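A.B. asks: Can you keep this structure in mind? I'll have questions shortly.
The values are calculated or read from the model by the stated rules, or taken from the named source; none is laboratory data. Because the structure is a prediction, the values reported are computed rather than measured. Because the Cβ atoms are built from the backbone with ideal geometry, glycine has one as well, and the counts that use them run over all protein chains shown.
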Amino acid sequence: MVNWESEIGSALIVAAIFLVMVGLGELLRGTGACSQEGTRKFVHFTGGIVSLSFAYVFASHWTVLGLGIVFIGLMTTKKNWACYHLSTGSSASRAVIFCIHLPYI
């Protein structure tokens, strides 16, 4: 029997780790510390390392499937959001990003 409370907690922790990784990659790219290619490699490499732990973190394959479906949902709905950069100074590292939702047409 799978302890679903533990599975959901683990899934939330893994999702938070992935969000931190992507955020860190965007921060590195936005400050000019890494190129766009470098941040892409960083996110893919660290995502692969976290994914290697799935066999030890999750007791059920349904949790991994659920995480994958949520990820696909986020990627497809991301196309309906427009992100704008507001420059607060002369340097790109001071850019502020905000997103608005574009409804389906």
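A.B. asks: Quick check: is even one residue across the stretch 88-99 of a type outside the set (S, T, N, Q), farther than 21 Å from C34 by Cβ, modelled with pLDDT of 55 or more and surrounded by fewer than 11 Cβ atoms within 10 Å (Cβ to Cβ)?
C.D. replies: Checked the stretch 88-99: no residue is of a type outside the set (S, T, N, Q), farther than 21 Å from C34 by Cβ, modelled with pLDDT of 55 or more and surrounded by fewer than 11 Cβ atoms within 10 Å (Cβ to Cβ).
A.B. asks: Could you go through the stretch 9-16 and let me know if any residue there is free of Cβ contacts under 8 Å to residues at least 12 places away in the same chain and surrounded by 13 or more Cβ atoms within 10 Å (Cβ to Cβ).
C.D. replies: Checked against the condition, which is being free of Cβ contacts under 8 Å to residues at least 12 places away in the same chain and surrounded by 13 or more Cβ atoms within 10 Å (Cβ to Cβ), the stretch 9-16 yields no hits at all.
A.B. asks: Taking the stretch 17-49, which residues are at pLDDT below 90, surrounded by 13 or more Cβ atoms within 10 Å (Cβ to Cβ), within 22 Å of M75 (Cα to Cα) and among the hydrophobic types (A, V, I, L, M, F, W, C)?
C.D. replies: Listed by number, the residues that qualify are F18, M21, V22, L24, L27, L28, F42, V43.
A.B. asks: Sticking with this one: Identify the residue in the stretch 63-75 that is under 16 Å from V22 (Cβ atoms) and β-branched (V, I, T) and, among all such residues, is modelled with the highest pLDDT.
C.D. replies: V70
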